[in-house]
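Comments concern the structure below.
The values are calculated or read from the model by the stated rules, or taken from the named source; none is laboratory data. Computed from a prediction, not measured in an experiment: that's the story for all the values here. Cβ atoms come from the backbone with ideal geometry, glycine included; neighbour counts cover every protein chain shown.
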Amino acid sequence: MKAQKNKLIQLSKKNQNRPDHEVLEKRPRRKFIAKYTLCVLQETENCTAPGEVGALLRQEGLYSSNLTAWRKQKEQGILQGVTLKMRQVENKKVTLELRKELLSKQTSIKT
């Protein structure tokens, strides 16, 4: 009986040190740049021994699904090192050129 009481007392003391059940902040999703993904893909291609790819994934904190998605993106040509900002700038240039052409056509039709 005494042993059971001592165990209960020890358990209650351990629980007193624990914080209340609080909701922790959710970490933001990781975003990978093209240069990093290409580097990881290159390293996985260089792995020859069994278990090396798994060790690399654990070291980098990645999942195998990351590799499959990145391989598909590489095959499609998405991972060519062009960042989103560069694409946005190119799109703005194209739209400005199209607007200029439309304006010139409209003015030539009016005259």
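Beta carbons closer than 6 Å, at least 6 apart along the sequence or on distinct chains, pair a first residue in the stretch 48-75 that is without any contact (Cβ under 8 Å) to a residue 24 or more places away in the chain with a second that is surrounded by 10 or more Cβ atoms within 10 Å (Cβ to Cβ) and not in a helix (DSSP H, G or I) for VAL53/CYS47.
A Cβ distance below 6 Å, combined with a sequence gap of six or more or placement on separate chains, defines the contacts here; from the stretch 24-43, residues that are under 11 Å from LYS74 (Cβ atoms) reach residues that are at pLDDT 90 or above in the pairs THR37/TRP70; LEU41/TRP70. Hey, could you check the stretch 33-62 for residues that are of a type in the set (Ser, Thr, Tyr) and more than 11 Å from the chain's Cα centre (by Cα) and say which is surrounded by the fewest Cβ atoms within 10 Å (Cβ to Cβ)? This residue is THR48.
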